[in-house]
1. Say we look at segment B:13-32 and pick out the residues that are part of a loop (DSSP other than H, G, I, E, B) and not aliphatic (A, V, I, L, M); which of these is modelled with the lowest pLDDT?
2. Does A:Phe72 count as within 17 Å of A:Trp145 (Cα to Cα), at the interface with another protein chain (Cβ under 8 Å from one of its Cβ atoms) and free of Cβ contacts under 8 Å to residues at least 60 places away in the same chain?
3. Given the residues B:Ser79, B:Ser55, B:Ser60, which is the only one that is small (Gly, Ala, Ser), surrounded by fewer than 20 Cβ atoms within 10 Å (Cβ to Cβ) and in a helix (DSSP H, G or I)?
4. Would you confirm whether or not segment A:87-98 contains a residue that is in contact with a helix residue (DSSP H, G or I) (Cβ under 6 Å, 6 or more places away or on another chain), over 27 Å from B:Ile38 (Cβ atoms) and buried (at least 18 other Cβ atoms within 10 Å of the Cβ)?
5. Looking at segment B:12-39, I want the residues that are more than 10 Å from chain A (Cβ to nearest Cβ) and have a partner that is acidic (Asp, Glu) with Cβ atoms under 9 Å, at least 6 apart or on another chain. Which pairs are those?
6. Within segment B:1-11, take every residue that is surrounded by fewer than 19 Cβ atoms within 10 Å (Cβ to Cβ) and in a helix (DSSP H, G or I) and give me the one that is farthest from the other protein chains (Cβ to nearest Cβ).
7. For segment A:1-112, which helices (runs of 4 or more DSSP H) that fit wholly inside it have 3 or more residues that are of a type in the set (A, V, I, L, M, F, W, C)?
8. Within segment A:5-27, is even one residue at pLDDT below 95, closer than 29 Å to A:Leu136 by Cβ and either touching a helix residue (DSSP H, G or I) at 6+ places or on another chain (Cβ under 7 Å) or within 14 Å of another protein chain (Cβ to nearest Cβ) (or both)?
Amino acid sequence: MNDMVTWLAGTWVSSHLRDLKWLWPTCETLHFVGLSLLVGGAGLFDLRLMGWMRQVSVKSLKAFMPFAIAGFAINLITGVIFFIVSPAQYAFSIVWYTKLLFIVIAGLNAMLFETTLGTRVLTLGPDEDTPLSFKLVGAVSLFSWFAVLYCGRMLPYLGTGN
Amino acid sequence: MAFFTWLQHTPFSMWIVGSESVWAYPTILTAHTVGLAILVGAATLIDLRILGVASDVPVSQFERLYRFVWIGFYINLVSGLLLFASEAADKAGQPIFLVKLALVFAALIVTVYMRSEAFRGVIAAAPTKRARMMAMSSLTLWAGAITAGRLMAYFKNGTAP
């Protein structure tokens, strides 16, 4: 791990990106905009799966998914830039690995939903309560995204030996 | 200014910035980010619906999202006041902080006023042009507030990053 971090930090790309002083603040700002889109779009969908706002069909709320996915894409790209510029800050942080774990959980949860329950959801009309399986998927997703946010924000402060 | 200096040096303010505890500055800062996600997330959903996303859903269904706008706002008002208290004298004179306050205030006014435009009285089948203008302004102002807030960490005492 040490070698990998040293190698990455010493690459041409890493050192040149590090020299662009405006890049880090810009990516941070985009990372915050992206998280708002992701938490907003995915959160509404999750709350609907949990039975909130049931006058609206789940199918209709899928219209917000592209915005949530765009938010995730923005944060993936800016996140990769953070890692390339400052690999040591992340590669040795248990909080960062916890963050990745929750992203994987949220992703697998969404895949499970799409592949097994996704077709059932489209038959669910307005005013219909959701089955327990949907409520669980929604709750896991909502919890995971806030856990991702928590780990990301606490990363500079947690597990640093203090 | 004397008041801000006093505020920054109260034992509580000194604890927020000086403590090694993760429950001090880091947790308050994280609460501020959670509040931001809830506030801007909910406001963005309302704005997007007014701009035509999920147009098969009646606009009126989205009025209940204002609950989350206010939950997020109050989380950030409280956490923001605590963060301010911990650096009152430094922040009060920081131009980017005043820009952020102005943007948050403007964004909130537009988002609140949009409620009476798009959700009150006779609700038209499609949002008015005025409501759509407000939704665009709301999106822009919240993004601006996020930008100014993030840049506060870089423009310390008026210096560029």
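The values are calculated or read from the model by the stated rules, or taken from the named source; none is laboratory data. Note that the structure is a prediction, hence the values are computed from the model and not measured. Methodologically, a virtual Cβ is constructed for each residue, glycine included, from the backbone with ideal geometry; neighbour enumeration extends over all protein chains shown.
1. Of all residues in segment B:13-32, those part of a loop (DSSP other than H, G, I, E, B) come to B:19-24.
Those still in the list that are not aliphatic (A, V, I, L, M) too: B:19-21, B:23.
Values: B:Ser19: 87, B:Glu20: 84, B:Ser21: 88, B:Trp23: 88.
Checked segment B:13-32; the qualifying residue modelled with the lowest pLDDT is B:Glu20.
2. Working: within 17 Å of A:Trp145 (Cα to Cα): yes; at the interface with another protein chain (Cβ under 8 Å from one of its Cβ atoms): no; free of Cβ contacts under 8 Å to residues at least 60 places away in the same chain: yes.
Answer is no for this residue.
3. Values: B:Ser79 fails: surrounded by fewer than 20 Cβ atoms within 10 Å (Cβ to Cβ); B:Ser55 fails: in a helix (DSSP H, G or I).
Every option except B:Ser60 fails the conditions.
4. Going through segment A:87-98, the residues in contact with a helix residue (DSSP H, G or I) (Cβ under 6 Å, 6 or more places away or on another chain) turn out to be A:87-88, A:90-91, A:95-96, A:98.
Adding the requirement that they be over 27 Å from B:Ile38 (Cβ atoms) leaves A:87-88, A:91.
Narrowing the set further to residues that are buried (at least 18 other Cβ atoms within 10 Å of the Cβ) leaves A:87.
Checking segment A:87-98: at least one residue is in contact with a helix residue (DSSP H, G or I) (Cβ under 6 Å, 6 or more places away or on another chain), over 27 Å from B:Ile38 (Cβ atoms) and buried (at least 18 other Cβ atoms within 10 Å of the Cβ).
5. B:Ser13/B:Glu87; B:Ile16/B:Glu87; B:Val17/B:Glu87
6. Initial filter on segment B:1-11 (surrounded by fewer than 19 Cβ atoms within 10 Å (Cβ to Cβ)): B:1-7, B:9-11.
Next, from what is left, pick out any that are in a helix (DSSP H, G or I): B:2-7, B:11.
Numbers: B:Ala2: 32, B:Phe3: 29, B:Phe4: 25, B:Thr5: 27, B:Trp6: 27, B:Leu7: 23, B:Pro11: 21 Å.
If we take residues in segment B:1-11 being surrounded by fewer than 19 Cβ atoms within 10 Å (Cβ to Cβ) and in a helix (DSSP H, G or I), then B:Ala2 is farthest from the other protein chains (Cβ to nearest Cβ).
7. Values: elements: A:2-10, A:12-19, A:23-49, A:58-61, A:65-85, A:87-91, A:94-112.
Ranges flagged: A:2-10, A:12-19, A:23-49, A:65-85, A:94-112.
8. Within segment A:5-27, none of the residues are at pLDDT below 95, closer than 29 Å to A:Leu136 by Cβ and either touching a helix residue (DSSP H, G or I) at 6+ places or on another chain (Cβ under 7 Å) or within 14 Å of another protein chain (Cβ to nearest Cβ) (or both).
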